[in-house]
Amino acid sequence: MLNLFIAFLSLIIWSSVVIYYFRAPLFSWLDNRFGKDPVLPDAEEDEPAHEPENHAPPAPDTHTPD
């Protein structure tokens, strides 16, 4: 059981070292394969959301002060 654990651990360590070493070519391959994501605009620079014109009137205030 210990041998199996050491074998899996060595495969995980080996693959992480290979991925870290070749990360630039892997990322460029992924970018070419799936395309780069579009850059989203900042939320702060966006105009405020437009309210629809066909909205219901506000509810009447039924609270009466005592």
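Where a number appears in this text, it was derived from the coordinates with a stated rule and is not lab data. Computed from a predicted model, the values in this text were never measured in an experiment. Neighbour counts run over all protein chains shown; Cβ positions are idealised from the backbone, glycine included.
Label W29 and L9 with points 7 Å out from Cα along Cα→Cβ: what is the distance between them in nm?
So the label points at W29 and L9 sit 2.9 nm apart.
Any chance you could tell me what percent of the C-alpha pair distances in segment 1-43 go past 17 Å?
Summing the P(r) of segment 1-43 above 17 Å gives 58 percent of all pairs.
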